[in-house]
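What follows is a single structure, written as C-alpha cells, with notes after it.
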Amino acid sequence: MTETIVIAELSKGEINTTTNELVSAANLLGDSCTVVVPCTDSSVADKAGKISGVSKVIAAKSSVFGNYDAAAWAEAIDSVAPSGIVVTSASAQSKDLAARLAARRTISVVQDVIAIEDGKLSTPIYSGKAIQNVSVNGDSVFSIRANIFAPADDSGSCDVQVIDTTGNVTTALQEMVQRASERLDVSEANIIISGGRGMGTPANFSHLEDIADKLGAAVGASRAAVDTWDEIPHSMQVGQTGKTVNPNLYIAVGISGAIQHLAGMRSSKYIVAINKDADAPIFQHADYGIVATWEDALPVLSSSLSDLLA
Amino acid sequence: MVNIAVLVKQVPDTNSKIQISGDRVDLSSVKMDISPYDEFAVENALQHKESSGGTVSAITVGGAAADKVLKGVKALGVDNIIRLDYDGFMDSNGLQSIIAQEIIAGGYDIVYCGKSAADTGAGSTGPGIAERLGWASVSNATEVKFADALTVSYPTEGGDAIVSLNLPAVVSCDKGSIKVRKSNVKGIMMAKKAQVDVRAVSPPAASVTVVSQVMPPAKPAGKKFEGASSAQTVAQLLRDEANII
C-alpha cells in the first residue's frame, strides 16, 4: 500500500479546487490519500473531508500558518504528515514548501508535474520547450501544476482529525503592500489577455483591461513590452524570464510569438492570437487566429463578448 | 564583514531552440549562458558586499565546461570562483546535499541564488539547502535591503510581502527592479587569468531516474481568420466549441 499525503492549497483562507486536483493526482500515485490542511482555525479543514478519494484529513492547526514562513511551515507540516509520497500544488509558495519538506526528509522533490502515467512523472524542462519523463524510487515530494488533473468531486465524507503543531518562525512580516489594482495576477487567472510591443503605447493596455474586466481575466505582457515601457511591471510578464502560465484561455494581442514568450504560455488550453502580421509565429500555436490590427479587432471582440455574456 | 556565497548555473541561452536526439535533449549546438535569474542573485551579492563589506564567492556545479559561467561572474567583481566537479545527473537530494556541504565548509553567512534555473525551472535548490542548513529563507525576492538583518520583498497572493530576516539565510532572487551590472574589459581580462577552485564531490545515489526527454506534443493546426470582423466568429467559437465563455 502506497501512502500519499496531499498538502491542501488554500486561497483567501479557504481550501480551493486545486486541492481536489491534487487528490486526483495523488490517487494515481498511491492507494491511501491523507490530506493535511495547514490552518489557524481547524473548521477550514471540513471542506477537505468532502473530497472523494480521501481516506483521512489532518487539520494541522498552528499560529505559524497565519503568515507564510517557509522554515516554520515545513517543520509544522512535517511533524504531522505521515511518511509517503507528498503532493503539493505548484504555486510559487507551494513549490518553496515542497522543496523544504523534501530536504527536511532527505528525499527528492520533482516540481511542476504535468502528467502521471504508469508511475512515471512528466515535467516541463527548458520552460516547456521539452518534456522530461522520470521514475522515482521511494518516498518523495511532487508539486503538481494546476488545471491539468480533473478535480475529484465533493461527494466524499471523512472525519477531520485536528492536531496542534508548531514551527520555528525565521522571518518577520513587516508590511503587506496591496497590489495597485484589484485585478488578478496572471499566475492565478483562468483567462489571460496579454499585450506585446505591438500595442504601441502602454496607455493602450486599457483596451486589454476593458476585455479583461468582461471576462474576469488577468492582463499580461510580453517581455518586449515590459522591457520597453516602465509602466508595464515585470509582475505582468509571461514567458521564460517571467511567469509560466497555463490558463484555460490565453489571448495574445500584438505579440509576435518569440520563443521566450511561447515557453511561458504554450500549455494554455486555448490560445487566441490577434496580430496584423499573418506570418507571425504566434499563429502556429493559436487555436483561433485573427489577422488584423488590434485597433480594429479589439472593439469587435469586446462588443461580441458583451453580447454573448449579456 | 559578510561571507557571501552566490550559486550560479550554466544553461542554454533562453533564445535557443531545444532539439531532441534519440530520447535525450541534444545541447551540442546550443549556446550556453548564465541562467537569467542568477544574474539578479549575483547583483544582490555584489551590492550586499558593497554595503556591508566582505567577500563574494560564486559556486557552480558541473564539468570543466561550466568554468565559463564562473569566469563571467568573476569579470563582474566576484572574489572567488568555485566549481563542484560533477558532470552527471543528480536529483534534488544529491545536488542540495553537495552544495549544503560546501556552504558549511566555506563558513558562509548568506547564500544568494536565482529563483529557479532556466533549464529545470524547479526552484528547489534555494529553499532546499536552507532547510538542510537550518537557515531562514525567502524565495522569489524582488528587492533586498542590506543591514544587520535583511529586508526582502516578494510577491504573494495578497500583494507584496516585506519581511525581515536575520543571517544566516538563503535568498532566491526574481527579476524585480534591480539593474544588473555589465562586465568591462578590465574585468574580463582579470577573469581570464583567474583560477577556478575545483572541488571533488560525491553525491548520494539518486532516487530519481530520467527515463526520456521528448518534444511537447504538437498542437493540431488552429483556425485562422482574416480581418477584424472575424473577432465576432472567434468569440462565438470560444462559447460553442471551446466552452470557455
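Note the angle between two axes, namely the Cα long axis of helix B:230-240 and the longest principal axis of the Cα atoms of chain B, as a number of degrees from 0 to 90, rounded to the nearest 10. The two axes meet at around 90 degrees. For the range A:1-56, trypsin sites (Lys or Arg not before Pro) are listed when DSSP marks them as loop and at most 15 other Cβ atoms sit within 10 Å of their Cβ; the list is A:12. Semi-axes of the equivalent ellipsoid for the protein assembly as shown, computed as √(5λ) from the eigenvalues of its C-alpha gyration tensor and ordered from largest down, come to 36, 31, 23 Å.
Kindly identify the range B:117-205 as rounded, prolate or oblate by the Cα gyration tensor criterion: order the square roots of the eigenvalues as a ≥ b ≥ c, call it rounded if a/c is under 1.5, otherwise compare a/b with b/c, prolate if a/b is larger, else oblate. It is oblate, given that a/c is not under 1.5 and a/b is not larger than b/c.
P(r) tail, the range A:142-268: Cα-Cα pairs separated by more than 24 Å, 42% of all pairs. Approximating the spin labels as points 7 Å out from Cα along Cα→Cβ, the residue B:17-to-residue A:118 distance works out to 3.1 nm. For chain A, the relative contact order works out to 15 percent when only alpha carbon pairs closer than 8 Å and six or more residues apart are counted. Computed from the Cβ-Cβ distance with R0 of 45 Å, the FRET efficiency linking residue A:28 to residue B:197 stands at 0.50. With 23 Å as the limit on Cα-Cα distance, the pairs of B:49/B:74; A:12/B:145; B:49/B:182; B:71/B:179 that go past it are A:12/B:145.
For chain B, a/c is not less than 1.5, where a ≥ b ≥ c are the root eigenvalues of the C-alpha gyration tensor, and a/b tops b/c. That puts it in the prolate class.
The angle between the Cα long axis of helix B:36-52 and the longest principal axis of the Cα atoms of chain B comes to about 30 degrees, rounded to the nearest 10. Taking the 0 to 90 degree range and rounding to the nearest ten, how far is the long axis of helix A:205-215 tilted relative to the main principal axis of chain A, both from C-alpha atoms? Approximately 50 degrees, to the nearest ten. The lysines whose alpha-carbon is closer than 16 Å to the alpha-carbon of residue B:115, local same-chain residues fewer than 8 away aside, are A:95, A:243, B:9, B:175. Fully extending the segment from residue B:89 to residue B:166, taken as 0.36 nm per residue of separation minus the present Cα-Cα distance, adds 24.3 nm. Straight-distance candidates among the lysines for linking to residue A:276, with alpha-carbon spacing under 20 Å and chain neighbours fewer than 8 residues away dropped: B:223, B:224. Under 13 Å of direct C-alpha separation, and excluding same-chain neighbours fewer than eight residues apart, residue A:56 reaches these aspartates and glutamates: A:3, A:31, A:46, A:159. Considering only beta bridges that DSSP places wholly inside the protein assembly as shown, some 35 percent are antiparallel. Ordering of B:2-8, A:249-255, B:200-206 by packing is A:249-255, B:2-8, B:200-206, highest average first (other Cβ atoms within 10 Å, averaged per residue).
Rounded to the nearest 0.05, the FRET efficiency derived from the C-beta distance between residue A:276 and residue A:106 at R0 = 60 Å is 0.60.
Take each residue in A:114-125, count the other chain C-beta atoms within 10 Å of its C-beta, and the mean is 2. Here the label points at residue A:284 and residue B:27, each 7 Å from Cα along the C-beta direction, are separated by 2.3 nm in the simple model. Exposed loop sites were defined as GluC sites (Glu not before Pro) in DSSP loop states (anything but H, G, I, E or B) carrying at most 16 other C-beta atoms within 10 Å; in chain B the longest segment without such a site runs B:1-156.
The simple spin-label model puts a point 7 Å past each Cα toward its Cβ; for residue A:164 and residue B:214 those points are separated by 5.2 nm.
Once you sort the root eigenvalues of the Cα gyration tensor of the range A:194-300 as a ≥ b ≥ c, which label holds: rounded (a/c under 1.5), prolate (a/b larger than b/c) or oblate (the other case)? It is rounded, given that a/c, with a ≥ b ≥ c, falls under 1.5. The relative contact order of chain B, computed from alpha carbon pairs under 8 Å that lie at least 6 residues apart in sequence, is 24 percent.
Here the range B:66-181 was treated as a single set of alpha-carbon atoms; its pair distances binned every 10 Å from 0 give 12, 41, 39, 8, 0 percent. Report the antiparallel proportion of the DSSP beta bridges in the range B:120-197 as a percent, rounded to a multiple of 5. Looking only at bridges with both residues in the range B:120-197, the antiparallel portion is about 75 percent. Normalised by the number of residues in the range A:186-309, the average gap of Cα pairs under 8 Å and 6 or more apart makes the relative contact order 23 percent.
Laboratory data are not the source of any read-out in this text; all were calculated from the coordinates shown. In this text, all values refer to a predicted model and were calculated from it rather than measured experimentally. Virtual Cβ from ideal backbone geometry, glycine too; neighbours counted across all protein chains shown.
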